[in-house]
Amino acid sequence: MTPGKQIVVYGHSGVGKSSLLQNKLLQTYEHHITTRCMRGMKFDQIILDAFSQLDAFYISEKSTKNENSLKFSIEPPKLFSDIKSQFEIQRKIEGQQKSVPILPPQLTPPNLGKMIGESRACWVIEDFHKIEDSEKQYLSQLMKIFMDLSDDHPELKIIAIGATNTARQVIDYDQEMKHRVAEIHVPLMTSEEIKAIITKGSDLLNINFSDTFKSLIVQHSAGMASVAHNLCLNICYAANVLETSEKAINITKVHWDDALLSYIEESSDNIQNSFEKALNQKRKAKFHHEKIIIQALCDFKNGEAARLDLLQKIQREHTDYPSTGFKQRLEKLCLPEKGRILKFNENSGSFAFYDPIYHAYALAHRRAIFESKENSSISPEVSAFLEALEDLLRKSKIPDIEIN
């Protein structure tokens with residue numbers, strides 16, 4: 001509600017940032033425009049996308065005559081500051097007036113701000129973190145322009161959404177914008193929030209989840225709403241629930257096993273790719289640090305440990321393992337170029353597998369990946385991976401009976 005205040009929403013991918021924002025926008029704006037960024041997009045392409053969604057028509061010449069006909073002609077725009085949209089509107093209503101602007105309008109950031117402001121809308125830019133770092137500084141400058149226009153257009157805002165750990169990683173701020181941007185962190189969901197999703201869905205569909213299965217979904221979701229929705233959807237398919245059931249249906253272990261394996265099968269290629277990136281070693285060294293770190297983390301409950309606890313465990317097994325640079329090695333495994341195998345929990349100060357499925361994968365292929373004598377990564381076959389996970393499921397403590 002603060003005029004001129006721009007917004008950055010950030011948090012893990014799949015945590016529900018976009019859904020949360022969409023619901024809030026429905027309460028505050030009559031309409032908004034959304035630009036979805038992709039890798040390789042330039043800043044001028046983002047500007048052009050916003051213009052194209054405004055459906056604005058500029059009058060390059062207007063004349064009135066006494067006939068009922070309407071003609072539009074559009075000349076396709078060129079890129080960014082030299083882009084000029086030329087439109088002709090010809091309406092015949094015999095001999096009244098004719099007006100021709102001196103210059104055709106230009107597609108510039110200030111003009112974009114004025115047009116969005118006049119339409120009483122806001123501009124949502126999704127996944128801006130995918131843009132090259134060299135382009136991010138321009139968003140900060142654009143936010144400055146939008147802020148300056150807020151005197152005439154109080155509702156004018158940019159809302160940038162990014163899946164990163166800090167707002168600074170989403171955009172590169174100008175120093176003058178430091179206190180003029182609201183940084184909103186969307187955290188991972190709590191166990192109770194994930195359970196609330198399950199409860200609401202099960203009530204609407206007339207199906208029953210036991211507390212045991214709710215806890216399993218919470219555990220595998222790791223605070224990400226998208227994973228919880230996916231697992232619940234797979235369970236519904238396994239139970240042949242495609243719409244609200246006339247009679248109550250109890251979810252069983254068979255349904256859960258099928259759902260989990262379906263989720264793993266859908267994710268297997270991506271999981272393998274992530275581990276290949278994580279374990280890839282550009283040059284040989286005394287220690288294969290990534291392999292040692294992931295192997296040690298497997299033994300901690302839920303695949304999560306504080307940095308010092310993890311280091312102590314490694315040094316018990318490798319007495320000459322160096323402490324220097326250990327924090328940087330852990331942080332690298334949280335980056336996309338290393339497969340984003342791990343994530344850092346800011347609340348607990350611990351490192352964990354980014355997805356519980358990664359933990360299951362590492363456990364299932366522990367021997368193939370970690371006990372190899374060669375100092376290189378090994379890519380196990382997907383079929384072997386699934387067989388190992390099926391074995392883990394068979395050893396589950398949940399009895400193979402219906403649980404109410």
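The values are calculated or read from the model by the stated rules, or taken from the named source; none is laboratory data. Here the structure is a predicted model, which is why all the values come from computation and not from measurement. Heads up, the Cβs are rebuilt from the backbone with ideal geometry, glycines too, and the neighbour counts pull from every protein chain shown. Accessible surface is based on the protein model in full, side chains and every heavy atom, while ligands, DNA and RNA are left aside. Shrake-Rupley method; radii C 1.70, N 1.55, O 1.52, S 1.80 Å.
Structure data summary
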read-out: Gain in span if fully extended, LYS247 to LYS327, counting 0.36 nm per residue against the direct Cα distance; value: 23.4 nm
read-out: Spin-label pair LYS114/PHE344, simplified geometry with 7 Å Cα→Cβ offset, distance in nm; value: 4.5
read-out: Residues whose placed amide H lies under 5 Å from that of ILE249, excluding near-sequence neighbours; value: ILE207, ASN208
read-out: VAL218 accessible area, assembled protein chains, probe 1.4 Å, Å²; value: 20
read-out: Label zone at THR212 (point 7 Å along Cα-to-Cβ), backbone N below 18 Å, the range 244-264; value: 249-261
read-out: 18 Å cut-off, amide nitrogen to a point 7 angstrom out along GLN219 Cα→Cβ, residues in the range 255-295; value: 255-264
read-out: Surface accessible to a 1.4 Å probe, per residue, for the residues of the range 217-310, Å²; value: 50
read-out: Alpha-carbon Debye profile of the range 200-357, log10 I(q)/I(0) at 0.12, 0.17, 0.20 Å⁻¹; value: -0.63, -0.99, -1.21
read-out: Proximal charge balance of PHE146 [Cβ under 12 Å; K/R count +1, D/E count -1]; value: +1
read-out: Residue among ALA285, TYR237, VAL218 farthest towards the positive dipole end of the range 174-304, charges placed on Cβ; value: ALA285
read-out: For a label point 7 Å along the Cα-to-beta-carbon line of HIS318, residues of the range 269-288 with backbone N under 16 Å; value: 278-288
